[in-house]
Every structure is written in structure tokens, then in C-alpha cells.
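Everything on this sheet refers to the single structure shown next.
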Amino acid sequence: MTETIDLNSLTAEAEEKLKPIFEKYEKTSFINTKKVLDAFREERVSESCFMGSTGYGYDDRGRDTLERIFAKVFGKEKALVRHTMISGTHALTVALFGLLRPGDTFISVAGKPYDTLDEVIGTSLHNDEGSLADYGISYEQLELKDQRLDLEAIKEKLSSKYYKVVYVQRSKGYLDRRTLSVEELNGLYSLVKRVSPDSYVFVDNCYGAFVETSEPECDVMVGSLIKNAGGGMAETGAYVAGSEKAVEKISYRMTSSGIGAEAGATLNTLKNMYKGFFYAPHTVCQALKTATLAAYIFGKMGYETSPEWDEDRHDIIQAVKLLDGDKLCAFCRGIQKGSPVDAFVTPEPWDMPGYSDKVIMAAGTFTSGSSIELSADGPLRYPFIAYFQGGLTYESGKIGILSAAEEVLALDKQ
């Protein structure tokens with residue numbers, strides 16, 4: 001990693017090599033855009049849908065129409081799309097508490113979920129007051145086998161004990177593992193419904209929406225609107241989509257029993273949610289192009305990347321294993337410098353709420369914390385992996401990646 005690298009030449013080489021892959025992403029974007037457009041037309045979207053509501057939010061046509069569109073595009077019976085669910089973690093929490101009751105057990109079948117769920121589940125060493133464990137809900141975990149769902153072990157578990165929720169995280173989170181494909185998740189759903197039909201299959205779909213031409217089969221699917229499905233336009237919020245029975249139960253936790261999804265003022269949030277969902281397939285395509293370029297460049301620089309540039313992708317996250325804390329910080333500094341907002345700011349590791357290790361985060365974004373915009377982050381722990389995602393446009397994402405590469409190369413030369 002000490003040899004001289006000409007980033008301009010390397011980028012030209014990368015873009016030539018990546019043309020067929022970029023074309024594949026564009027075809028996926030077209031298919032998904034058509035789904036969105038078809039749903040908009042079928043639901044008769046008009047300017048009146050953007051008006052929003054105040055107070056209790058009863059009879060909010062725009063909200064109800066948007067939720068039917070999400071359900072239709074994602075192939076589900078029902079959806080909740082609300083700015084009052086403040087993040088993906090919040091939506092996951094609402095959904096888990098909506099389905100689980102004291103005495104129930106749920107199982108994560110793809111290893112440990114994302115760090116911010118530690119305190120929700122009650123596995124954190126920190127105060128877990130209000131966690132699922134605090135409510136008498138038990139948790140079990142199965143690891144991946146050879147980087148894939150261990151279907152035999154899952155079948156054995158489900159055959160010997162009833163699990164109310166079978167939880168699977170599509171993306172890698174802060175783990176050093178591969179992302180799961182829609183095909184694999186569909187296989188899990190088929191297995192669970194065969195062996196334990198009353199169990200809810202629950203997919204954390206954060207970072208995964210619109211990456212493939214379909215979404216996973218499941219009873220519940222959750223994602224953030226400042227990730228893929230918001231298209232870079234939604235300024236907050238999250239979605240829950242799934243079976244009518246499951247989503248109704250979750251809606252009673254989101255508001256209250258007896259009210260559920262029937263209320264909830266949307267204020268002035270709807271237009272950006274509609275516009276973001278319309279943009280989302282294209283925006284995800286831009287993020288995939290940016291991530292693939294990053295994999296090619298950092299791979300040629302000698303770093304292990306996951307996925308590698310020529311691997312199939314099932315989410316927008318690109319992991320770069322830097323093996324050094326200073327290089328992780330340098331990578332994030334470069335992303336920040338290449339961003340449109342707060343480019344003058346130097347990111348530093350800090351004790352971020354919900355995380356057990358210090359985290360460094362570069363997010364020069366128009367919407368604070370938006371992961372579909374150009375961003376990078378990672379916990380300060382070995383092997384010091386930078387998790388990169390987003391890029392509203394490929395051109396801006398490319399600039400950010402080259403900026404990160406320059407910062408890391410500068411350390412290599414020291």
C-alpha cells in the first residue's frame with residue numbers, strides 16, 4: 001500500500017471496467033421506477049395529497065394514499081409511513097413491541113442485530129430499563145454459517161420451540177459479514193411458514209429497499225426514510241410494511257389501542273415523502289454506483305472490501321477494512337471534505353447514543369444523519385472498518401470517494 005497511485009488514472013480504469021455493472025443498476029432502477037409510477041397513477045396522486053393535516057390527523061387522504069403506495073410497491077398488504085417514527089431504530093422498536101408480549105421469545109437468525117438495538121433488546125451492559133427484556137421478553141440468536149443463513153439450525157430451533165418473531169437483518173450493520181439477498185430471505189420465509197406458520201418473519205430492510213427488483217417476502221419489513229426509501233428528500237421518518245394483521249398490531253403500539261393508523265397529523269411532511277419515494281429507485285442506483293467505485297479504488301489500493309467491486313449487491317453499504325484507527329478517521333475526514341454541507345468540519349470519534357464503542361461519522365448532508373446521502377461511519381474497534389453509503393448523485397459520490405482515498409494515501413506515505 002506504499003506504491004505510488006495515480007487516482008485519476010485509477011478512476012478512469014475503474015469506470016471503464018464498471019460500465020456493465022452500472023448498466024445493470026440502471027435496469028433495476030427502471031423496473032423499480034415503473035412500479036412506483038404505476039402505484040402513483042393507480043392511487044390517483046394529485047396536489048391535494050401533499051396538503052397534510054393538523055391536530056389528530058383524521059381522514060388524512062395524503063397519508064393514507066402514501067401508505068397504500070408503499071404497500072403496493074413493496075408487495076405487502078398494509079404499510080405505515082410516518083414522520084413521527086424518528087428513525088429506523090425507532091420503527092424497529094415500535095414493531096417489535098407491537099408484536100411481542102411478556103413471556104414471548106424471539107430469535108435473530110443472522111447474528112447480532114445493529115448496535116442500536118442492544119438496549120432495545122436488553123443485551124447491553126448499560127441501563128436496559130424499558131427494554132424487551134425488562135418486559136419479560138426473551139431473546140436468542142443464531143449465527144450465520146459460512147456467511148449464509150444456517151437453515152438447518154433454524155429449522156431445528158423452530159421445530160423444538162415456538163418463537164413469536166423470527167428476526168433477520170438484511171444488511172451487515174457494524175458486523176464483518178455479507179448482506180443477505182432477497183432470494184435468501186425468501187427462502188427463510190418459506191422455511192419458517194412451513195415449520196412454524198404462526199411465527200412472524202421480521203426483516204430489517206434498512207439500506208436494502210430498491211437495490212433489487214423486488215423486496216423480501218415477510219410478515220413485517222422496516223426501514224428508515226432517511227435511507228433508501230426517502231430518496232434523499234424525506235427529512236425524517238420511517239416505514240413499516242407487511243401483512244395486515246402484523247401492521248395493525250404494530251399500529252396500536254405506534255399510537256394507542258383503538259386508534260392505530262387512523263390518526264396522526266402529517267403537518268407539512270407529505271410532499272417530500274412522496275417526492276422522495278418517486279426519486280428513490282434512481283437515488284439508490286446512484287448510491288450503488290458510488291459504492292462500487294469505492295470498492296474498486298480501495299481494492300486496488302490494497303484494502304479488503306466487502307462486497308468486492310464485481311460481487312452482486314443487496315444493499316447500499318460498502319465496507320472497507322482499514323485495520324487502523326487513524327486510517328478510519330482519515331477515510332471519514334475525506335468523505336466530510338467531499339460533501340456539500342459542513343465540508344469544513346473535521347469529524348472526531350465520540351460516544352454516540354446507542355453504541356457501545358466510540359463512533360466516527362462523516363455526514364456532510366442536507367438532512368442530518370441521512371444515510372442515502374454521502375456518508376461514512378464506523379466504530380473505533382478492530383478491524384477498523386469504514387462503512388460507506390449513499391451519494392445523491394454519482395458525480396458527487398465520486399468526488400467524495402476520491403477525497404477519502406487522498407486522505408488515506410496521505411497516511412500511507414508517512
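Brief remarks on what is shown
- ILE154 being at pLDDT 95 or above, in a helix (DSSP H, G or I) and under 26 Å from ASP315 (Cα atoms): yes
- Single match in ALA263, ALA234 (criterion: out of contact with any strand residue (DSSP E or B) (no Cβ under 7 Å at 6 or more places or on another chain) and surrounded by 22 or more Cβ atoms within 10 Å (Cβ to Cβ)): ALA234
- When we screen GLU42, GLU77 for residues that are modelled with pLDDT of 95 or more, farther than 19 Å from VAL284 by Cα and not assigned by TED's automatic domain parsing to the domain that holds ALA241, the only hit is GLU42.
- Against the conditions (1) modelled with pLDDT under 95; (2) over 24 Å from VAL81 (Cα atoms); (3) touching a Phe, Trp or Tyr at 6+ places or on another chain (Cβ under 7 Å), GLY173 satisfies every one except (2).
- Search result, residues across the range 347-389 that are more than 15 Å from GLY325 (Cβ to Cβ), surrounded by fewer than 18 Cβ atoms within 10 Å (Cβ to Cβ) and not charged (D, E, K, R): MET352, PRO353, GLY354, SER356, PHE366, SER368, GLY369
- Residue among THR213, THR179 that alone is β-branched (Val, Ile, Thr) and surrounded by fewer than 22 Cβ atoms within 10 Å (Cβ to Cβ): THR213
- Condition check for ALA229: assigned to a helix (DSSP H, G or I), assigned by TED's automatic domain parsing to the domain that holds GLY369 and out of contact with any Lys or Arg (no Cβ under 8 Å at 6 or more places or on another chain): no
- Filtering THR292, THR367 for residues that are touching a helix residue (DSSP H, G or I) at 6+ places or on another chain (Cβ under 9 Å), outside any helix (DSSP H, G or I) and either not hydrophobic (A, V, I, L, M, F, W, C) or not assigned by TED's automatic domain parsing to the domain that holds PRO216 (or both) leaves a single hit, THR367.
The values are calculated or read from the model by the stated rules, or taken from the named source; none is laboratory data. Computed from a predicted model, the values in this text were never measured in an experiment. Counting neighbours? That spans all protein chains shown, and the Cβs are built from the backbone with ideal geometry, glycine included.
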